Structures are given as C-alpha cells and as structure tokens.
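Asker: A single structure is presented below for examination.
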Amino acid sequence: MSLDVSPELLAEAESGDIREEDFVATVRTSLPYAYDLIASLAAELGSGTAEFADNRTPPPSETERGQLLRALASDAIRGNLERHFGIELAFQNCHRVAAFRPGARDGWTYGRFTSVRSQVLNQSPEFRDC
C-alpha cells in the first residue's frame, strides 16, 4: 500500500472530491523520504537559474527507495506533488528524479533528460536490482 489514508480522508473521498491540500498532507506523512527529496529539489530549482535540479544519491535503504518508486509510479501522487511544488518531474532508474520548471516538457533539456539515449547512458550494474 502506498499511502496511510486517514478515516477523515477516506470519508472525504467517499463524499466527493478530495482537497489537494489534504492529499498532499497524506503523501507527506506516508512517503516522507519521497516528499522531502522532491521538496528539496523544488527548493534548489527555485533558488537558482538552472533548467533543472536532480538527485543522483541513492536512497539510504530499500524502504526509502520504495517510497520514491511509489510516489513517482502513481499518476495521482506524482501530479499532486508537481502541482503542490509548481514543478514538472522526470525520473530515471531507481532514484534519479529531476525537478524542472513549469512548461519544460516541451523543451530540449527535458527531452534530452527523458530520452532513450539518456536512459541507456544512466545505467550501471548497481541499478539492476532496484
């Protein structure tokens, strides 16, 4: 299970739409490593002029790696984090996540980061079991 859903959030979902703030709070408490990593990338991106900020450091354990994979594999979670932080995310291998500025998906840098060529060049034997 990806998220620890509170009875209040479940009731909110059962009665209609969920507020974005409530969902992001659930993501933050359920997947703290993923949330904190993406928050730090968003802050790094916002404080500079680079086209993107990325993480190249492997997670400290499989628990944290699992959090990151669950967050980025879910369209709802990933989209919620992108809207919350005002960024666009891209993902390679087991932990290389990058935060891009809004609108970057149509740009050259985002396209290069997400290309098949970049995916192949970003592989190494230690990523085989992730």
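Asker: Considering only the other residues whose Cβ falls under 11 Å of the Cβ of L45, what net charge follows from Lys and Arg at +1 and Asp and Glu at -1?
Answerer: That works out to -3.
Asker: Which ³J(HN,Hα) values, rounded to whole Hz and listed in residue order, are derived for the stretch 6-11 from phi using the Karplus coefficients 6.51, -1.76 and 1.60 in 6.51 cos²θ - 1.76 cosθ + 1.60 with θ = phi - 60°, glycine and proline given as x?
Answerer: So the Karplus estimates, Gly and Pro as x, are 6, x, 5, 5, 4, 5 Hz.
Asker: Counting Lys and Arg as +1 and Asp and Glu as -1, what is the net charge of the other residues whose Cβ lies under 11 Å from the Cβ of S30?
Answerer: Once all neighbours under 11 Å are counted, the net charge is +1.
Asker: Further question: Note the full-extension length gain between E20 and T114 as 0.36 nm times their separation in residues minus their Cα-Cα distance, in nm to one decimal.
Answerer: 31.1 nm
Asker: Sticking with this structure for a sec: What whole-number volume per residue, in cubic angstrom, does the convex hull of the C-alpha atoms of the chain give?
Answerer: That works out to 115 Å³ per residue.
Asker: Counting Lys and Arg as +1 and Asp and Glu as -1, each charge on the Cβ, what is the dipole of the stretch 33-76 about the Cα centre in debye, to the nearest 20?
Answerer: Computed charge dipole of the stretch 33-76: roughly 100 debye.
Asker: May I pose another question? First compute the accessible area of the stretch 71-120 with a 1.4 Å probe, then give the percent of it belonging to carbon and sulfur atoms.
Answerer: The computed percentage sits at 54.
Asker: Something else: Please determine, in degrees from 0 to 90 and to the nearest 10, the orientation of helix 62-73 with respect to the longest principal axis defined by the Cα atoms of the chain, where the helix direction is its Cα long axis.
Answerer: Here the helix axis deviates by roughly 80 degrees.
Asker: Still on this structure: So between A39 and V5, what do we pick up on full extension, going 0.36 nm a residue minus the alpha carbon distance?
Answerer: 10.1 nm
Asker: I'd like to know which of L45, Y110, L81 lies farthest towards the positive end of the charge dipole of the chain, counting +1 on Cβ of Lys and Arg and -1 on Cβ of Asp and Glu.
Answerer: Y110
Asker: On to the next question. Taking the solvent-accessible surface of protein heavy atoms with a 1.4 Å probe, what is the per residue accessible area of the chain in Å²?
Answerer: 58 Å²
Asker: Rounded to the nearest 10 degrees, what's the angle between the helix 32-46 long axis and the longest principal axis of the chain, both from Cα atoms, 0 to 90?
Answerer: 60 degrees
Asker: If each DSSP helix of 4+ residues adds -39,500 (n - 2.57) and the sum is divided by the residues in the chain, what number results at 222 nm, nearest 500 deg cm²/dmol?
Answerer: So the calculated ellipticity at 222 nm is -16000 deg cm²/dmol.
Asker: Taking the Cβ of R105 as the center, what net charge do the other residues with Cβ under 11 Å away carry, scoring Lys and Arg +1 and Asp and Glu -1?
Answerer: With Lys, Arg at +1 and Asp, Glu at -1, the neighbours total -2.
The values are calculated or read from the model by the stated rules, or taken from the named source; none is laboratory data. Values in this document were obtained by computation on a predicted structure and should not be read as measured data. Glycine gets a Cβ as well: all are built from the backbone with ideal geometry, and neighbour counts include every protein chain shown. Please note that ligands, DNA and RNA were not included when accessible areas were found on the heavy atoms of the full protein model with its side chains. Shrake-Rupley method; radii C 1.70, N 1.55, O 1.52, S 1.80 Å.
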